[in-house]
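Here's the structure, in structure tokens; my notes come after.
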Amino acid sequence: MRKSIIIGNWKMNKLSKEAIDFVKAVDGNLHDGADFGIAPTYTALAAAREHASNLIVAAQNVHYQPSGAYTGEISIEMLKELNVEWVILGHSERRQYFNETDAEINKKVKACLEHGLTPIVCVGELLEEFEAGKTEEVVRRQVHDCLVGVEGNVQSIVVAYEPVWAIGTGKSATVEIAQNTCALVRDELKKVFNEEVAEAIRIQYGGSVKPSNIKEYMAQPDIDGALIGGASLKVDSFLEIVEAVK
């Protein structure tokens, strides 16, 4: 049985002191029914990791090269130096604002697994793609192109389905849409890897997830967790989510 996984993506929010305060308030109030984590900014990673005993602490991005002339980038070894072992890859905001491609994400996934990091790989369609009925086409292509040729501990990969039209908009995909799309993600994983691996990989839904709706999503057979934005920034709402998935 797949263990649920809840990760809060903080995006460009919170200073180190704020991250420490959050971790101190949350870390001792978790339970074993799910894995819980946060993805702070680079500057708050070390502080969060130092104070976290139970929370997963993930980075929001990483470069696939070990070093070099890549101004503004962070390497896997730099994350490992901080004891950070998880990383979000291919978030729609990285794709939209920084022109990340599936091919680049594929390189990052391969590098992460090669060096012992666990990637959370994001996929999801734009509003115009959703309205044009292209969700399945887009999501299957992203899953395939991001993960094709990946080797190693592939069962550890987490895939997060986040419809771009539901991120930070207050809109959320219906439970039916979320389940159906996560199911096709799993079906594509069978084609990329095999059925055993596809059944082991955890799939998250993300997009305006909050305490009031997370139970509905988590009750679905192919939704194993959530990648949460705004609701993960406040201690109270994060702990409500923790309680909701108990």
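The values are calculated or read from the model by the stated rules, or taken from the named source; none is laboratory data. Predicted model, so just to flag it, every value in this text is computed and none were measured. So basically every Cβ, Gly included, is an ideal-geometry build from the backbone, and we count neighbours across all protein chains shown.
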- Message: Conditions first: (1) surrounded by fewer than 16 Cβ atoms within 10 Å (Cβ to Cβ); (2) modelled with pLDDT of 95 or more. S212 passes all but one, so which condition is the exception?
- Response: (2)
- Message: Taking the conditions exactly as written (out of contact with any Asp or Glu (no Cβ under 8 Å at 6 or more places or on another chain), in contact (Cβ under 8 Å) with a residue 40 or more places away in the chain and part of a strand (DSSP E or B)), does F22 satisfy them or not?
- Response: no
- Query: Among A58, A47, A19, A39, which is the only one that is surrounded by 22 or more Cβ atoms within 10 Å (Cβ to Cβ), in contact with a helix residue (DSSP H, G or I) (Cβ under 6 Å, 6 or more places away or on another chain) and hydrophobic (A, V, I, L, M, F, W, C)?
  - Reply: A19
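Out of segment 166-190, which residues are within 19 Å of I223 (Cα to Cα) and of a type outside the set (A, V, I, L, M)?
K171, S172, T174, E176, Q179, N180, T181, C182, R186, D187, E188, K190
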- Item | Residues located in segment 64-83, provided they are farther than 19 Å from R49 by Cβ and buried (at least 17 other Cβ atoms within 10 Å of the Cβ) | Y64
- Count of residues meeting criterion [part of a helix (DSSP H, G or I) and either free of Cβ contacts under 8 Å to residues at least 24 places away in the same chain or of a type in the set (A, V, I, L, M) (or both)] in segment 58-94: 4
- Out of (1) free of Cβ contacts under 8 Å to residues at least 40 places away in the same chain; (2) more than 23 Å from E240 (Cβ to Cβ), the odd one out for D32 is which? (2)
- Task: Go through (1) out of contact with any strand residue (DSSP E or B) (no Cβ under 9 Å at 6 or more places or on another chain); (2) closer than 24 Å to C182 by Cβ one by one and return the number of the condition N61 breaks.
- Result: (1)
